[in-house]
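Since the structure comes first, as C-alpha cells, the remarks are kept for the end.
Rule-based calculations on the coordinates, nothing more; no lab input. Since we're looking at a predicted model, the values are computed, not measured. Glycine also receives a Cβ, built like all others from the backbone with ideal geometry; neighbour counts cover every protein chain displayed.
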Amino acid sequence: MRGLVSYSLYVFCLCLALNGAQAQEPEIMIEDILDSPEIVAEEQETVVVHPDFEPYSASNAVFWEQFTEGWRERWKASNAKKSGSEEFSYIGRWAVEEPKVFPGLKGDKGLVVKDKAAHHAITAKFAEPLDNTDQTLVVQYEVKLQNGLECGGAYLKLLTEDETLHAEEFSDKTSYQVMFGPDKCGATNKVHLIIRRKSPITGEYEEKHLIGGPRASFNKLSNLYTLVLNPDQTFEIRINGATSIAGSLLDDTTFNPAFSPPKEIEDPEDSKPDDWVDEETIPDPSQASKPDDWDENEPYQIPDPEAVKPEDWDESAEEFISDPEAEKPEDWDDEEDGEWVPPLIANPECEDHGCGVWTPNSILNPKFKGKWVQPRIANPDYKGPWKPRSIANPGYYEDYKPADLEPIGAIGFELWTMQNDILFDNIYVGHSLEEAEKIGNATYIVKFEVEQAEEKASRPKVEEPAAPPTTWEQFKEDPINFSIQQTKMFYTFFQRDPIFAVRTYPETAAALGIAIVTVLSIFFGTLLTLFSSKPSPAPPKAARESETKAETETVAESADATPTETSAKRRTKKN
C-alpha cells in the first residue's frame, strides 16, 4: 500500500515537471533560433535599400522636369519686390538636392525651398506656349514637406503667355491661368484650385476658387498631386493617385464666384424709400405706462417661509474647525510668512447633523415681476424687409468653356512659408492623363515605397514585454501556496464548466485525479485486507487424525536424534 501512495506522489511531481518542461521548451527553441545569423541580422538595425535614380522620358509632355543636369538653364529665381511693398522682396533661396528626411531613390534630386519665413519665387518657361483649347490639361507634381508645414503654401502657378511673363523678373504681378496645390495656415487647410477668367464684357480678370477643396497631406513623405481639366468642362483632383474631388466647371455651386455671372443683379442705384416701414413690431400704445401695482423692487428669490430647522441642528458648533493634527512647518517664518494659521477641516461632530447658523433655503418669489418693459404688438404698417430691385446684369455672359484657358507660357512657384526644405519633383504638364499615370507609377510609386520603409525603420522600437513565469517556475518558488491557489481556481471553474477547468488547469486535474485514485485504492485495499483475515474452515476428521499421527511420529523421531545429526545419519543409525 505504501508503494501505491509513493507511486501516486511520483506521478503528481512528474506531471508538474512535464508541464514545466513544456513551458520552457519554446524559450530554448527561441534561444537556439536567435543564434542563427538570419535572425541576428533582423535584430540589427534595419537597412533600407535605395535603388539608383533613373531619369524617365516623357516624350509627349509639354513640360517635364526631374531636376537633372542643366536645370539651372531652365529655371530662374526672382529677387523682385512684391507689388505695393518696398519692404518685402523675394529673397528666399532655392537649391536642387536630394531629400534629407526619409530619402527615396539614390541620386534623385528635387527643387528645395531653403529659407524659413521668406518669400520665394522661381519660374521655368515652356519651349512653346501651351494651347489648351478643346484639349485635356493635366498638371502633376510631387511635394515633400521635410519639416512638415504649419503655415505656408506649396502650390504652383501656370503663367499666362503675355507681356508680364517676359518682364525682367517673376513676381506676384505676373499673370497666371491656374493656381493648384496644397496650402495651410490658420483655418486654411486644403488643396487650392483657382482659375483666372477674363470677362469678355468688362475685360477684367476674376479668380474662380474651388469650394471645399480636399485636405492636403502634410506628412514628411512625398505626395503626388494631379489636376485634370477635361474638354467636356469637368475637373478632377487626385492625391497620390486616388480621386479626392471631381465635378463640373459649369456647376454654379462648385466655384465661387461661378464661371458665368448671374443674369440679374440688384440695382446699385435703387435706395429704400423714406416711408418704408421694416419694423415688424412696435410698442403697444395702450400700455404706455407701468401699472400701479407693478413692484420692481421685489427680489427674484426669497427664503422659504415653510422651511423648518431640523431638530438635531447644532448652531453652537462650528461647521469647520482648525485641524488639531496640523503642525506649523519648520521653515515657517512669522516675520516673512505672517502668523501661521492651521488649515480648516470639517467638524467631525457635524457628520450626522448640520452645524453653524441655520438659514432656510431660497425659493422663487411669487411676487417677482422684474423691470417693467412696455409690451410690443404687430406693426400695422409693416411692409417687410426691403431689398433693391433686380435689373438685368450688364456684365452678364455665358462661359461655356472655362476649361479653354488662355495660352500658358511657363510654370512658377511664388510662395511664402514658415517652414523650409519643401521639395518639389517630377513636374508634368501635358495633355495625356494616361502618360501622367505612367509617370506616377514609374517614379512616385517606387520612391514612395522606399520612403515608407525609411519612415518605418525610424520609428522607435517597442520592447516586447517579459514573458510571464512558467507554471514550473511558479511551483518551484512556492510549491505549497501555488498548489493551494491552483486547486482553488480549478474548483471555481469546475463548478461552472468542468471541461474548461480541465483544459485550463490540466496539471491540477491530473494531480487531483491521481489523488482520488490513490484514496480509492487505499480504501478498497483496506476492505480487501479485512475480508481476507477471517479463519478458514476446519478440515475433515480423517484428515485431522492423519495430520496428528504424522506430527507425533515426527516429534518422536526428533527426540531420538542428536542435535548435530542430519536426517541421513539418523536413518543409518536406526537401521
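Okay, here's what the table says:
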item: Packing rank of 361-373, 255-267, where each peptide gets the mean count of other beta carbons within 10 Å, highest leading; result: 255-267, 361-373
item: Net charge of Cβ neighbours under 10 Å - reference residue 155; Lys, Arg +1; Asp, Glu -1; result: -1
item: Qualifying GluC sites (Glu not before Pro) for the range 80-130 [loop in DSSP, other Cβ within 10 Å: at most 12]; result: 86, 87
item: Distance between the range 158-227 and the range 134-155 - C-alpha centres, whole angstrom; result: 11 Å
item: Farthest positive-ward along the range 469-512 dipole, Cα basis, beta-carbon charges - from 486, 500, 510; result: 500
item: Among 56-64, 283-291, 494-502, the order from most to least packed when residues are scored by Cβ within 10 Å on average; result: 56-64, 494-502, 283-291
item: Lysines whose Cα lies under 30 Å from that of residue 456, excluding same-chain neighbours fewer than 8 positions away; result: 100, 106, 109, 114, 116, 144, 184, 190, 220, 438, 447
item: ³J(HN,Hα), Karplus 6.51/-1.76/1.60, whole Hz, each residue of the range 418-433, x for Gly, Pro; result: 8, 10, 9, 6, 7, 10, 10, 7, 6, 8, 10, 10, x, 10, 10, 5
item: Candidate aspartates and glutamates for bridging to residue 387, where Cα separation is under 15 Å - those fewer than 8 sequence places away on the same chain excluded; result: 264, 266, 267, 269, 270, 274, 275, 278, 279
item: Neighbourhood net charge (9 Å Cβ-Cβ; Lys/Arg +1, Asp/Glu -1) for residue 295; result: -1
item: Cα-based shape type of the range 469-512, given that a ≥ b ≥ c are square roots of the gyration tensor eigenvalues and the cut on a/c is 1.5; result: prolate
